[in-house]
1. Using a Förster distance of 41 Å, how high is the FRET efficiency between A:GLU100 and A:ALA482, based on the Cβ-Cβ distance and rounded to 0.05?
2. In deg cm²/dmol, rounded to 500, what helix-only [θ] at 222 nm does the protein assembly as shown give when every DSSP H run of at least 4 residues adds -39500 (n - 2.57) and the total is split over its residues?
3. Could you pull out every residue, at least 5 positions away or on a different chain, whose amide H is within less than 5 Å of the one on B:GLY464? Hs are placed 1.01 Å off N in the peptide plane, and Pro or chain starts have none.
4. Tally Lys and Arg at +1 and Asp and Glu at -1 over the other residues with C-beta under 12 Å from the C-beta of B:GLY103: what net charge comes out?
5. Rg to Rh ratio, the protein assembly as shown, alpha-carbon atoms and Kirkwood radius?
6. Past 24 Å, Cα to Cα: identify those pairs from A:LYS260/B:LYS116; B:LYS154/B:LYS260; B:LYS401/B:LYS511; A:LYS401/B:LYS260; A:LYS334/B:LYS180; A:LYS458/A:LYS511, in the order given.
7. Setting aside same-chain residues fewer than 8 positions from B:LYS338, which aspartates and glutamates have a Cα under 17 Å from its Cα?
8. List every residue whose amide H lies under 5 Å from the amide H of B:VAL281, counting only residues 5 or more places away in sequence or on a different chain, with H placed 1.01 Å from N in the peptide plane.
2 protein chains.
Amino acid sequence: MSNRYRAPVDDLRFALFDVLNTDKTFEAVGKPEVGRELVDAILDEAARFTENVLAPLNSVGDEQGCTLDTATGAVKTPEGFKAAYEAYVENGWAGLSAPEEFGGQGMPHVVGAAVKEMIDASNLAWSNFPLLSHGAMDALQFHGNDWMKETFLKPLVSGLWTGTMCLTEPHAGTDLGLLKTRAVPNEDGTYTITGTKIFITAGEHDLTENIIHLVLAKLPDAPEGSRGISLFIVPKYLLDDAGKTTATPNHARCGALEHKMGIHGSSTCVMNFDGSKGYLVGQANKGLMAMFTMMNSARLGVGIQGLSQSERAYQNALNYARERLQMRALTGPKFPDKPADPIIVHPDVRRMLLTQKALIEGGRVLALFANTQVDLSHAAPGEAERSDADAMAGFLTPIVKACLTEWGVECAYHAQQCFGGHGYIAEHGMEQIARDVRITTLYEGTTGIQALDLVGRKLLQLQGAGFKPFAQMVGEFCQANANDPLLAPFVSELSSLLQEWVATSQSIAGKAAQNPDEVGASAYDYLFYSGYICLAYFWARSVKAAHATDAASKRATAKLETARFYYDRILPRTRMHLAALQSGADNLMRLDADLFD
Amino acid sequence: MSNRYRAPVDDLRFALFDVLNTDKTFEAVGKPEVGRELVDAILDEAARFTENVLAPLNSVGDEQGCTLDTATGAVKTPEGFKAAYEAYVENGWAGLSAPEEFGGQGMPHVVGAAVKEMIDASNLAWSNFPLLSHGAMDALQFHGNDWMKETFLKPLVSGLWTGTMCLTEPHAGTDLGLLKTRAVPNEDGTYTITGTKIFITAGEHDLTENIIHLVLAKLPDAPEGSRGISLFIVPKYLLDDAGKTTATPNHARCGALEHKMGIHGSSTCVMNFDGSKGYLVGQANKGLMAMFTMMNSARLGVGIQGLSQSERAYQNALNYARERLQMRALTGPKFPDKPADPIIVHPDVRRMLLTQKALIEGGRVLALFANTQVDLSHAAPGEAERSDADAMAGFLTPIVKACLTEWGVECAYHAQQCFGGHGYIAEHGMEQIARDVRITTLYEGTTGIQALDLVGRKLLQLQGAGFKPFAQMVGEFCQANANDPLLAPFVSELSSLLQEWVATSQSIAGKAAQNPDEVGASAYDYLFYSGYICLAYFWARSVKAAHATDAASKRATAKLETARFYYDRILPRTRMHLAALQSGADNLMRLDADLFD
């Protein structure tokens, strides 16, 4: 009954190769050598590492947490975290999807995403130490100069150092235009950074010899608001001329660790920059663009964090439901020789399990698909193909982030309910999952912020550039499979949802032109409405793929029944979201703020 | 920004007197002297006690928790808990709704429920110490003999001792028929009790000189299963012939404290009964009936726990949304002199706040209404009135328990989201609420068990005895107000929902007769479908009441706008639940248990 984790390698393989045909993506991005065999080997190796090295440290991290030595500002990570990080680096996981020219293994992002699910599931708190290295790598790869790539990117890729994203300040979270951290130019071209950042994940730790902070700050002559933000590299320790870490501190010090609901093993730091030396990344006052590069990568990553916790919660709930004997089936004893039936015989327990299964397996395909679009956006042969893929990745990023994290919370919830009172007790581990996953709907932009990004930016500002190719793809699938007896029931529902989705998206644009509050009033419900339609599409594709591979297989049966459950019992959530988003902004805006008491 | 609580006395008064006309209930149960003035005074006094004495101990309890001295089995409660309990007893709160003949104050249950909301909101963990005394009081009042009432009931009513409910065992939670605790009759008419109970709330503590355990156990010749369960009184310390506590332990010892997700200040004990002396309550082998008496009282009480945490979460989220400055309103700056607008200007923040407000204020009326039915079931003048009220209380109990606790989790969730990343940090207190309230959907029967009780027992077995008078009341309200211009939009929707509700209830009965799995397959969704319709009814009544009292008041405006929000944006959840419950049992039952992986 303890909190276990077995990497879902088979379903990852199925999603990658059977549903998404990622071998074709690998070819399209000029990496035909990344075939099924190589990916299989990587997944197997990742399964071993995460099950054997990271998973056993999950509860250790929760119990011990990180500790701060207030005299030195040094943060100690839980027992075993450092050794695990060393193994991670030795095995080459740090640079798995980083370009080979910077020392990475050059694997496609979608392979990295599959591995990331296992890392996150096995130990969410630990996964935060390498997480933001990826965002920092992306920012440096796309916005850094050659010296920065040589000096900072390569050690991040090798895992010698880790990275952070220093955005938030006490009074500036979503609204980065309000930030107060200052950067003053020095004569040698560097900058002196002064200010306080909060909620800095992995801001300080004992895993690596140096930490590379990417810090948003304002230059003295910067314009007001978000157009006056610049991005700086601030290493924890200064470097020598050869670019090696010295023992000279750069006045980037952890002032406090936050006391959090969960992910205790992850250090969440108040970082004080007290005249630290910094290097400007990209152009002055254009820091937000580089920040968005980091952010998009981090948002897809946090979506996978949500998925990962669903998977772990589900495995344990399923295990418990098969072992826990309680009451008889409503249709009569199923195991008359036992004192009671296992609770998996009860329809309501199955409802909770199937909800998890449907959201996890569908969500997995959705997340991996979004990552294939990231790969294609970088390296597909045609310009139009790259730009469509980039737009689709942009459209799907807030959906992946918001849906997969909210479903993570939901799955952890169902898993706790399956355990009954035991789900509230620490020893079973379900309550840790519920506490840990709770951060994922908050950091890297809350669910509400994802929704605003989807509607305000991706749908309206970018005029549905990502929605259109996605909708077209769904339409083509429907057309191609409308007469397939197996798929027809799904396709019929999916087609009408697609029509409705297109019409709804257009109608939001029309309403928003009349009243800007309509953007915010429809955003949340539009996001989930869209997310459930996306999943309906990927479930239909999963049924098709499982039957194409082997129609008589257990997998084909399981995918078909889970898809039926999804269409019958989860997809009706679109009715609720549609009604809410169509009800308009008035019912939200009319009540005076003073009358909310 | 710290975690505050202000007792919502005004809305409690409004719900009691304006919406529910409880003065008429007081007259009907022969207590005309309990008028508005007396209740006002009680509510004010309770507000002072809970705000000033209990609320400040809320975070103390979370941080310190209870501690067990393994050498003696004694449990120490957090600092201040004992003094608060003494003040609670001195002020007469312990016996507020207990009959005067046993030393209580004889207040109606509905007044006790209103006071309980404040106690629970101010300190959920603390509230668990007196909570189960109420269940024990009910069990002894209705099933105990005169000696038991004199000896055990009176000290419970005075608060001198507290009570527990010892039901669960490691392998027997929902399925009490599996329990192994044994009761062997002694020659003097007492019994010797041996066994281990888990999850015993307030099983051991330092607040009172004695603790009265109500223990379910099996007699040697008991029939198998739940028909062979008897209920026993087991005091922690033996009594002398005068019924006073002696220093002689009765071998009822706390073996361990559970490590829980929340309510750390509440002691959740493993209780070992090692040859303890017990007294049979009621008839042998009829213990389940007495247990249900305790349970129903406890279930309504836990529903109020859920409500209470919603209220506390909402107050803090609202406060934060008014103070936190971040971004400009989508329609342009509302406070141009400030660096940004308070986040309450944003539609999505309002969505989260109004969801809480609608669920809390509607839920409060629902919970108090259910408690008026408890009062009427005991003491209404006519037999038919008592029996209708009893059936309505029975029908509403699982709805109150499940909905108010699930909404408690939901409101805590929205409140955390309103705080953004700060919602995850301990100092703001939101995460404690989220952890604390999480127990309420698990203990005293999970949400799934409430749903089975509603459909299997209340709807089918009792043939809708409670549903019918409730539906009739809603129908009469619709008829009476269909032509009121203010209420017509609500009534029109409510009427059609009522028709649908009646038809759906009948159809479930029909399907269940064909296939027992349909009970479990529809139960969860039917419960929430019903809960949202109940709330639609109480919201319409609230609008009517607020306008009847003063149509030009701020309250009338606030109730009207919140009701509109509820009907537009929450009530569509019934579409989702209806579709799910109508989809039948097959989509849950078809997948083989081996194929869930």
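None of the figures in this text is laboratory data; all of them are computed from the coordinates on show. Note that the coordinates shown come from a computational prediction; the quantities given were computed from them, not determined experimentally. All Cβ positions, even for glycine, are placed from backbone atoms using ideal geometry, and neighbour counts span all protein chains on display.
1. FRET efficiency, A:GLU100 to A:ALA482: 0.40.
2. Result for the protein assembly as shown: -17000 deg cm²/dmol, rounded to the nearest 500.
3. For B:GLY464, the qualifying residues are B:LEU459.
4. -1
5. Radius of gyration relative to Kirkwood radius: 0.97.
6. Over 24 Å Cα-Cα: A:LYS260/B:LYS116; B:LYS154/B:LYS260; B:LYS401/B:LYS511; A:LYS401/B:LYS260.
7. Cα-Cα hits under 17 Å: A:ASP175, A:GLU224, B:GLU323.
8. Amide H neighbours of B:VAL281, under 5 Å, 5+ apart: B:LEU231, B:PHE232, B:ILE233.
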